[in-house]
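Notes for the one structure printed next.
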Amino acid sequence: MKKDKDKICKVTSIGGQALMEGIMMRGPFKTTVGVRKADGTIELEEIHPLDWGKKHKILRLPIIRGVVNMIDSLVTGEKALMLSADKALEGTEEEEGESSKLDQWLDKHFGDKIINVIMTISTVIAVIICIGLFYFLPTWLFRMSSEALTFMKEPVMGIPTFWQSAYEGIVRVILFLIYMSLCTLNKDIKRVFQYHGAEHKTIFCYEKGLELTVENVRKQIRFHPRCGTSFLVLMLIVGIIIGLFIPINHPIIRPVVKFCLLPVTVGIGYELIKICARNDNIITRIIAAPGVWMQHITTKEPEDDMIEVAIAAMKDVIPENGEDIIK
């Protein structure tokens, strides 16, 4: 039986995102980026999400709201990440000699927009690589394996694509695990994962009704069921189930169809996360379990100065009268 101090008194709608030397906390009315600057101070700055769902009622319908929220999170998250990078690096620049001809050309043609250009190009390349790895590679590998393993060609329970969907799903999970594990080898990414842990611990502390202090936050666990990691894992699982109903095994057409069904996958995954947020029972714990387990990789124990940033950002978005509480 859980101790009283471990009980959740309220479930908040406030969520966050780990950044470079900082954290974004998003409340129902305000979104704040908190960053630990090079001089040791904490700077808070408000940013404005797209909030399409608040402007158009149709975008709040089930499934659709999941896709809208995903787009909003990606856009707002990138904006917050760029802001945190700028703030974290302020005051660290050193005087250098004459810039190279390439630097001069880039400055002349792009000026202050060069960072946005680089980020756009990097994003496009990353999307192409992800589509190749998570959609085309699993289908291609199954095609190669099925030539040697004849049992994979036999339908199971009347579902002709059972083995293919299961195989592709397992490959995607393995690729995701390898990618996230490799990320932890980078010291900068590891610090981001530590801020991720600080974010979760701070939210848990608030949900338990405890005062937001470093000491109280430090005692909390860092695995939260309503996390972006859990959402990604649920998308992988939902993708496996959707794949069962795609009676196509062509190495090009099948991954294209699965990619086109990505909005459905996102929408269902989002609804499952919302169910887990509102209910705490054996079923929701089972649904959330794979994502919580994955957080052993994507969250790390934070340092006290990271917790301080999380607390500062959290306090800035908590509304009055409990308007952030999920009922």
Any hit, region 20-29, residues being open to solvent by less than 40 Å² (accessible area, probe 1.4 Å) and among the acidic types (D, E): no
Subset tally (residues that are of a type in the set (G, A, S), more than 15 Å from P251 (Cβ to Cβ) and modelled with pLDDT of 80 or more) for region 123-159: 1
Qualifying residue in region 48-56 (condition: over 28 Å from L262 (Cβ atoms), at pLDDT 85 or above and open to solvent by less than 60 Å² (accessible area, probe 1.4 Å)): no
Members of region 244-263 that are buried (at least 17 other Cβ atoms within 10 Å of the Cβ), within 30 Å of R278 (Cα to Cα) and either more than 23 Å from the chain's Cα centre (by Cα) or modelled with pLDDT under 90 (or both): L244
Test for R285: is it among the charged types (D, E, K, R), under 24 Å from L59 (Cα atoms) and either loosely packed, with under 15 Cβ neighbours inside 10 Å or at pLDDT 95 or above (or both): no
Residues that are without any contact (Cβ under 8 Å) to a residue 24 or more places away in the chain, surrounded by 23 or more Cβ atoms within 10 Å (Cβ to Cβ) and outside any helix (DSSP H, G or I), drawn from region 193-224: none
Leading residue by the ranking (farthest from G22 (Cα to Cα)) among those in region 66-86 that are open to solvent by less than 70 Å² (accessible area, probe 1.4 Å) and either in a strand (DSSP E or B) or of a type outside the set (A, V, I, L, M, F, W, C) (or both): G66
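The values are calculated or read from the model by the stated rules, or taken from the named source; none is laboratory data. Since the model is a prediction, treat every value here as computed from it, not as a measurement. Methodologically, a virtual Cβ is constructed for each residue, glycine included, from the backbone with ideal geometry; neighbour enumeration extends over all protein chains shown. Each accessible area value is taken on the protein alone, full model and side chains, heavy atoms only, with ligands, DNA and RNA left out. Shrake-Rupley method; radii C 1.70, N 1.55, O 1.52, S 1.80 Å.
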